[in-house]
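Asker: Structure provided below as structure tokens; questions to follow.
The values are calculated or read from the model by the stated rules, or taken from the named source; none is laboratory data. In this text the structure is predicted, and so the values were computed from the model without any measurement. Cβ coordinates were reconstructed from backbone atoms using ideal geometry, including for glycine residues, and neighbour counts include every protein chain displayed.
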Amino acid sequence: MAGIKDVAKKAGVGVGTVSRAINNSGYVSEKTRQRVEQAMAELDYTPNELARNLYRKKTGIVAVLVPTVSHPFFAEFVNYIEIELHERGYKTMICNTAKEKNYESEYLQMLKRHVVDGVITGVHSLNLQEYLDVEMPIVALDRYIGERIPVVAVNHKKGGRLAADEFIKAGCKYVLQFREAKQVESPAQERYIEFERIIRENHIKLYSYELEWNKFDLDYFGKVTKRAFREHPDADGAFGTDLLALSYLKVALSHGKKVPEDIKVVAYDGTQITKIADPGTVVIKQPIEMLAKEAVRLIVNRIDGKEYANRVVKLEVELIKDTLS
């Protein structure tokens, strides 16, 4: 197998010149660069990526922390992140944190040890200090962590308003809302606050179910929605993220309710699973692909030492109507 010395000999240059050409770490004339590239091609020489990254003091890896990739939103987000990072020359380390309490801390320790170049976190941890103690690039998805950590989110306030308007237009009298734990400092809280404000101002009865922190599994959502249906049999509307909305839809249908005639359902996220819901629902769609692209743009800029203009980047949501009128 050819080495860097073989490439240098064939190109008629020094090893240092080959190294500079490979790593773009210094001046190399275009003519010399072409000779090096031709020698590499003829010798079938592939640079040692690990060695190159060590030279640059980079690993070429970005860690993506999410509660679980079994959740449709996080699955799609991670998929788009991986595609975008690959296009920018980075590999993705996917870190699921929901199962073990210390996983998140372990991943952050890897960042401190320079095992990864940066972290994109979608985890709603209650321990923010660990993030603040890391003096390396971090970008947060839908979470306020600290002044020096940029946040990528959507206009949740608009999302809450769009959802509330749908129930008002549908003539609903009693609406259920499934919301995340209040102690989580997230831009998403604006969605719940705006939704509740508009619903109450229009004299619609509202009950908000506050979910347990860091619970994302279907069994839990099933228990919550069954309980909500049992405790509020007169409800004629339900609003929650995709899995919660569709779980409630399933419960309602199993009890002989007609959707949307008896119960109106609005889902928030707009992941692929909403496309196969039967009957369909109104969806407030988050631009998941654009969230991923923006998160990658920010983390790569931060790795490269660039500053960010805005601490919070908010993208727009979209209303997708189906059966609700």
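Asker: For the range 13-28, which positions are at pLDDT below 80, among the polar types (S, T, N, Q) and closer than 14 Å to Met40 by Cβ?
Answerer: Residues satisfying the conditions are Ser19, Asn23.
Asker: For the range 126-155, give me the residue count where each residue is assigned to a helix (DSSP H, G or I) and surrounded by fewer than 21 Cβ atoms within 10 Å (Cβ to Cβ).
Answerer: Residues meeting the conditions: 3.
Asker: Just need a number here: residues in the range 159-203 that are acidic (Asp, Glu) and in contact (Cβ under 8 Å) with a residue 40 or more places away in the chain.
Answerer: The number of residues fulfilling the criteria is 3.
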